[in-house]
1. Please verify whether the stretch 93-108 includes one or more residues that are in a helix (DSSP H, G or I), modelled with pLDDT under 90 and farther than 25 Å from ARG10 by Cα.
2. Being surrounded by 15 or more Cβ atoms within 10 Å (Cβ to Cβ) and either within 17 Å of the chain's Cα centre (by Cα) or of a type in the set (Ser, Thr, Tyr) (or both) is the filter here, so list the residues in the stretch 72-118 that pass it.
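The values are calculated or read from the model by the stated rules, or taken from the named source; none is laboratory data. This structure is a prediction, so every number in the text was calculated from the model and none was measured. Reconstructed Cβ throughout: ideal geometry from the backbone, glycine too, with neighbour counts over all protein chains shown.
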Amino acid sequence: MQKTIDAFFRLLEFLVVACMVAMVVMVFGNVVLRYAFNSGITVSDEMSRYCFIWLTYLGAMVAMREGGHLGVDTLVKHLPVGGKKVCLFLSESLMLFCNGFFLLGTWKMHDLQVTNVSPVVGISMIWVYGIGYVVAVVMGTINLHVLYRLLTGQLSEDELLQVVETEGLADAEKQLIGARP
């Protein structure tokens with residue numbers, strides 16, 4: 001199962017890179033064509049915008065799995081283990097609730113987006129905004145997995161802090177604390 005999950009997230013990482021490359025090629029190619037040849041590719045503006053939307057959501061899923069989202073642990077890291085567990089439970093529950101709303105909102109907008117056609121490319125907008133289904137389900141599953149591990153006691157004390165330290169920040173804090181008189 002873990003190999004399948006790892007392969008899924010490698011696919012997401014590949015799609016992030018593919019969206020970035022497609023954006024660069026389309027935008028740069030369009031700029032060159034406009035300035036050098038007084039022409040352009042009409043679909044490049046719209047498609048690069050759609051690639052950016054997908055890149056953002058795909059990257060958010062990858063970052064959530066890796067724990068790369070921003071967080072503030074100023075208070076939580078000073079709490080006892082029980083306080084850390086309560087904060088993690090509240091945090092994951094609120095994120096799960098938001099993912100549920102995101103899924104519900106995408107579902108409610110589905111019929112409108114299916115009939116709404118992009119002006120230049122002519123594709124159904126559900127191909128653009130349907131990523132909401134994927135994001136809500138994947139991130140909600142990650143939230144449920146963390147909650148399950150928390151409630152069954154499978155998380156270590158280090159894992160109760162979901163904030164990843166910036167490289168070198170911990171060393172800098174140690175030096176500051178050691179330098180105080």
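1. No; the residues of the stretch 93-108 include none that is in a helix (DSSP H, G or I), modelled with pLDDT under 90 and farther than 25 Å from ARG10 by Cα.
2. Residues satisfying the conditions are SER91, GLU92, MET95, LEU96, ASN99, PHE102, LEU103, THR106, SER118.
Yes or no, residue by residue, for (1) crowded, with 18+ Cβ neighbours inside 10 Å; (2) outside any loop (DSSP other than H, G, I, E, B); (3) not β-branched (Val, Ile, Thr):
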residue	(1), (2), (3)
VAL120	no, no, no
VAL135	yes, yes, no
ASN143	yes, yes, yes
GLN154	no, no, yes
